[in-house]
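Structure record follows, encoded as C-alpha cells.
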C-alpha cells in the first residue's frame with residue numbers, strides 16, 4: 001500500500017488524491033472549453049442597429065435613415081461622397097427571390113444615402129455563379145429599379161482592375177486583382193441577404209465580399225477562393241477591401257440549404273452597422289445561430305471587430321424580440337453544432 | 001449590333017469592352033469571333049488587323065493572358081484559338097496557343113463534398129478550369145471543345161475526353177450550370193447560358209439521346225429568357241442540334257435594347273448576339 005501524499009500540510013489518502021485530480025481535470029476541461037468559446041474582443045465595442053420591417057412595401061428608406069441616426073451616421077460624413085452598394089446576387093432563378101438582396105431594399109438604401117447628401121450612389125456586384133449578369137438583374141427585379149431610378153450599375157466581373165496587396169496574408173495570394181472602382185468610391189456598403197450557407201454555416205456581410213472578385217480572372221464560380229480556404233479568403237478580403245458599412249436584408253432570408261437551394265424564411269428585420277463582424281454576429285444571433293461557432297466570425301474577434309454579445313451595443317429592436325430559428329440541416333456538416 | 005461593336009473598335013484595331021474603354025484581349029477576341037463568319041459585311045483587311053492585334057497580346061508560352069504574367073487564367077486562350085481559326089495566316093500563333101491549351105488540361109475532380117450527378121462519373125477525366133490553380137468547370141471546358149472543333153481537332157482523344165466530362169456534369173434533370181451537379185444530396189439548378197454553350201460544344205460529339213432532357217430545358221428556357229447572353233448561347237445550342245429557335249432576331253433585339261438601356265451592353269454580348277444570328281441568312285439585330 002502506498003503512503004499518503006502530503007498537500008498544504010494535510011495528508012491525503014490515495015482516494016482523496018484521485019478525487020482531487022479528477023475534479024481538477026474536469027475543471028480544466030470545461031474551463032478550456034468555456035475560454036475557447038468566449039474569445040477576447042480586446043475591449044472593442046461596436047453598435048449595431050436592428051430595424052423591423054414586415055415586408056418590402058414598408059417605408060424602408062425611412063428605416064435606414066433611422067438606423068443611420070441611432071448609429072451616429074451623420075450627413076457631415078456623407079455629403080459629397082460616392083457610395084457603392086454591393087448587394088448579393090450570386091445567381092437567380094424564377095420563383096426564388098430569397099437568393100438575392102431585394103431590389104426595394106437596394107432602392108431604399110440609394111434613397112437614404114442620397115437623402116443624407118451623398119453625391120452619387122452606384123450599385124456594383126460580380127455575380128458569383130452566373131456569367132449572365134443581365135439575367136440575374138432581370139430575375140431579381142433590380143434591372144427595373146436601376147432603369148427607373150437611373151442608377152448606374154457596374155459589373156464587377158468585368159471592370160478594369162488593379163493589384164492590391166492582400167492585407168490579411170492568410171491565403172496564398174500576395175495580391176488580389178480587384179476592381180479599380182473600389183478605390184474610387186468613399187464608402188463600400190455590403191448589402192447581403194440573411195442566409196444559411198452549406199459550407200460556412202451563414203453568409204452575411206463578410207462573405208458577401210466574395211462578389212468583388214472579378215469573375216473574368218477568378219472564374220464562375222470564384223472557386224479559387226474555396227480552394228484557398230473559404231474562411232481565410234473571407235478574412236483577407238474584408239481586411240483588404242475594408243467595407244465601411246453593412247445593411248443586411250433579413251426581411252425575407254433563406255434557411256436550410258443556402259445560399260441557393262434553401263427555402264424562404266420571413267424574419268422581418270434589417271440589420272445595419274459600421275462593423276461587419278459585429279453586424280454579422282448580431283444577424284447570426286437573430287437566426288439563432290452561435291456566431292462563435294462560425295469559423296470566420298470566431299477568428300474575426302478582436303481583429304476585425306467584436307463578436308461577443310456584451311461587446312455589441314444593440315440599438316433599435318432587441319435580438320430577443322426578433323430572433324427566429326433558421327432551419328439547419330443534419331446532412332450539411334457546416335450546420336452541425338452551430339445552433340444557439 | 002454591328003454598329004455598336006464597330007463603336008468599340010479602337011485605333012490600334014483592338015476592341016474595348018464598353019464604349020470609350022481601351023482595347024483589351026477579351027473583347028477583341030469576342031469581336032473577332034463574332035465578325036469572322038460575316039466577312040461579307042466587314043472588310044477582310046480590317047479583320048486581319050484585328051487578328052494581328054489579338055496575337056500581340058499572346059504570351060511567350062502561347063497563352064492569352066488578361067493580366068500579363070500575373071494571374072494565369074486560361075479561358076481567353078480558348079477564345080483566341082477559336083477566333084483565329086478562320087485565319088490561316090495566323091496558324092503559327094494559333095498552334096502555339098493550342099499547345100499551351102492542351103498542357104493546361106487538368107483533373108476534373110470537384111470538391112470532395114460535391115458528388116457527380118451521373119452514377120459512375122469518372123472524376124479523372126481531364127478537362128479545363130478557369131485558371132491554373134483550380135478544378136475544371138463547364139464553361140472553360142466547353143469553350144475549349146469549341147476551339148478544338150474549330151481547328152479541325154474535334155476527333156482528338158482529348159476533345160472526346162472533355163466532351164465526356166461535359167456529359168458527366170449534365171444535371172440529372174437536364175441542363176448545365178457552372179459545373180456542379182449534386183451538392184450535399186441536393187441537385188443544383190441549371191442555367192440557360194451554360195446549357196446553350198454545352199449543347200453547342202457537344203454537337204457532333206454526343207448523340208441526341210445523351211442530351212434529350214437538356215434540349216427540353218433549353219427549348220423551354222428559350223421561351224422565357226430575356227437576357228442577351230443566355231439567348232445567344234441557347235440559340236447557338238438549339239440550332240446546333242437542329243431544334244427551332246423562333247423569333248430569334250426579335251427576341252435578341254429586344255434583349256440587347258434593354259441591356260443597352262441600363263448601360264450593360266458590351267463587346268461580349270454584342271459579339272455573341274451577332275455570332276448567334278450568323279446562321280440566319282439575313283440575321284441582323286437592330287437596337
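We did not get these values from a lab; they are worked out from the coordinates using the rules stated. Since this is a predicted model, take the numbers as computed values, not measurements. No Cβ is skipped: glycine too gets one built from the backbone with ideal geometry, and neighbour counts run over all protein chains shown.
In table form, for the structure just shown:
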quantity	calculated
Over segment A:273-340 - Rg/Rh using Cα atoms and the Kirkwood inverse-distance radius	0.97
Percent of beta bridges antiparallel (DSSP, the protein assembly as shown, rounded to nearest 5)	60
GNM flexibility winner over chain A from A:195, A:52, A:175 (Cα, springs under 10 Å)	A:175
Least to most buried among A:134, B:105 (fewest other Cβ within 10 Å first)	B:105, A:134
Pairwise FRET efficiency - residue B:260 versus residue B:223, Cβ, R0 = 25 Å, nearest 0.05	0.65
DSSP-defined antiparallel bridges as percent of all bridges, chain A, nearest 5	55
Two-site label geometry, residue A:120 and residue B:49: point separation in nm, points 7 Å out along Cα→Cβ	3.2
Value of D in µm² per second that Stokes-Einstein yields for segment A:122-266, Kirkwood Rh from Cα pairs, at 10 °C (1.306 mPa s)	101
Degrees between helix A:60-71 axis and first principal axis of chain A (Cα, 0 to 90, nearest 10)	50
Sequence ranges A:246-254, A:65-73, ranked by mean other-Cβ count within 10 angstrom, highest first	A:246-254, A:65-73
Spin-label pair residue A:321/residue A:94, simplified geometry with 7 Å Cα→Cβ offset, distance in nm	4.1
Taking N as its residue count, the alpha carbon Rg of segment A:158-223 over 2.2 N^0.38 Å	1.19
Cα-projected label distance for residue A:167 with residue B:2, points at 7 Å along beta-carbon direction, nm	5.0
Euclidean distance of C-alpha centroids, segment A:46-100 and segment A:237-255, integer Å	10
Angle between chain A longest axis and helix A:276-286 axis [Cα atoms, degrees, rounded to 10]	70
Segment B:61-277 - convex hull of the alpha-carbon atoms, volume per residue in Å³	134
Cα-based helix-to-principal-axis angle, A:14-37 vs chain A, degrees rounded to 10	10
Counting all C-alpha pairs of segment A:51-335, share separated by more than 23 Å (%)	49
Inverse of mean 1/r across different Cα pairs in segment A:33-121, Kirkwood, Å	15.6
Against the rule of thumb 2.2 N^0.38 Å, how large the Cα Rg of the protein assembly as shown comes out	1.06
Computed FRET value (nearest 0.05) for residue A:82 with residue A:288, which takes r as the C-beta separation and R₀ as 51 Å	0.85
Length-normalised contact order for segment B:50-101 - Cα pairs under 8 Å, 6+ apart - percent	39
